[in-house]
1. Quick one: length gained pulling residue A:352 to residue A:374 fully straight, 0.36 nm per residue minus the C-alpha distance?
2. Compute from the Cα atoms of region A:198-317 the Rg and the Dmax, the latter being the longest Cα-Cα distance, and quote both in angstrom.
3. Once you place label points 7 Å from the Cα toward the Cβ at residue A:152 and residue A:58, how far apart are they in nm?
4. Give the span of region A:1-91's Cα atoms along each principal axis, as three whole-Å numbers ordered largest to smallest.
5. How large is the translational diffusion coefficient of region B:3-117 in µm² per second when you combine the Kirkwood radius over alpha carbon pairs with Stokes-Einstein at 4 °C and 1.567 mPa s?
6. For A:152, A:77, what ranking results if the residue with the fewest other Cβ atoms within 10 Å of its Cβ goes first?
7. With a cut-off of 17 Å, note down the residues of region A:1-21 whose backbone N falls inside the zone around a label point 7 Å from the Cα of residue A:176 toward its beta carbon.
8. Using the basic label-point model (7 angstrom from Cα toward the beta carbon), what is the residue B:193 to residue A:114 distance in nanometres?
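Since every read-out is calculated from the coordinates, none of them should be taken as a lab result. Please read these numbers as outputs of a predicted model, since none were measured by experiment. Here the Cβ is made from the backbone with ideal geometry for all residues, glycine too, and neighbour counts use every protein chain on show.
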């Protein structure tokens, strides 16, 4: 059952039953009071009748006829006031004008003893009476009956009136409690709608926080909706990024695989000259090496991701010197002037990864220069941060491509980097390593003049 | 046979195509980017162009208009394998769309289909005293008509179109007589024997050990 229906029904049932019970109580109480009052009055009157009867009658001496005559007079007098009288003596009624009642119904009243009175309410079909018996002399019982139909009638009227009122009240209370139940469960409906929206993929919802009691819940809900939205967006972005990566990767793999497959087929099938066979074999060799390069670089990427970085203090001189040694021959070959300027003593880095980072940067610089030119590495501290800068005088990066250079497989000049054997993963690896060190990498480049890459690391 | 322009920025793939096309008797030229492709198109006359889509400079989708104006049919050769790309390529007016990595024999067969449809293939094959007119289905040896059954002729045609490349018996069977031909590979051997005898090509239709047959023309 819905909450608003429960609230609606509880309000309705509770208020109606409370009303019914209290009204019934009041009507009943009124009724009892009225009856009591009538009884008091009747007792008083009976007493009066008794005294005046005792004065004017001698029960033992008078004949039955005399009694009847006198009683008749009394009876007539009182019947105008709604009172009937009866006198029972010697085993029979000498007088009885309680005509509308069967004498059997008030037989019990005749057994009244001296100095007591028996009162009984007897209801016939048409009228209601209060009957009181009194022993006024030996064997003479005076019966007094007062018509109290009015009281019962007024109770019936009250009940009827209440029933009509109840129907009206049910309608009124029904409307009221329906509106109230709706009003009070309104925040729940809002929550419900919000949750449904979220589950159907619409995260742009905001619940009003105006309602005072509801503010906390609405606030929490809004916060949740925002968190869900953010998380979903993040996941979507990551999935998109991954999809781009996979697309790029499959495209990168496609070319060497096509070549290898084609050339090996050529070797198997073609009526080829020795020279053609050699060319085919060379291509198979170089293309498979390309795949291997790509593979090892991807391994580095996943290594950098999986690797628990271990930051220790390393001498800057040592780090730079190792990188210089690695590229010593290539620099000689290309006639590159290598300089360094180190004003910081130590760097707190992961040695394996940092060596990889510097090597990649120097390798990029070397690829950006034909012959001649210079590479400058400087390490220094600034505002408590370590800065590492690699600067070259190479061809530079076009300004519109600066944003994309750290994307996996991105190459500025496809044909050129294939000749130098690049897979387009170098800077992607670098940015990952820097991210693992919680640092950042800035690329500044002027096309035709050179590139400088600055890495900032927190201590 | 046709003169074909190969536009692909991957030198290894471009060279591979050149080597294969040369084998089967086509001639070709290479261009490695959009600009070079347009220069070559203006300078020479081509029967067909194999066009990559992702090219430095102008891409393959942009280039096709120039080829259509020059009346050179285009076959796209691309690693872009999605349906939208293929539909776009064909809608732009390409004769065919081949996805990389491709099979050499398939490439040759599709090139042949396009050349034949455009009527741009050279149809006379001459080698070692034998002349085959691929249009008239006529085979002459020493200027005498050689009487070949239609099955033998179709097999000879398959060998000529893939000359210098070895074909397995299954490949020969399906290229010559169609995929639904329900003969056995033994039938291929039988017909090869008859062709060798009728054309006196014992040394020219070579048996490639554990593979199949090859028509050697060098």
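1. 5.4 nm
2. Over region A:198-317's Cα set, Rg and Dmax evaluate to 27.4, 90 Å.
3. According to this spin-label approximation, the distance is 4.3 nm.
4. Principal extents (largest minus smallest coordinate, Cα): 84, 23, 22 Å.
5. Translational diffusion coefficient: 94 µm²/s.
6. Listing A:152, A:77 from fewest to most nearby Cβ atoms yields A:77, A:152.
7. A:7-21
8. Rounded to a tenth, the inter-label distance reads 15.9 nm.
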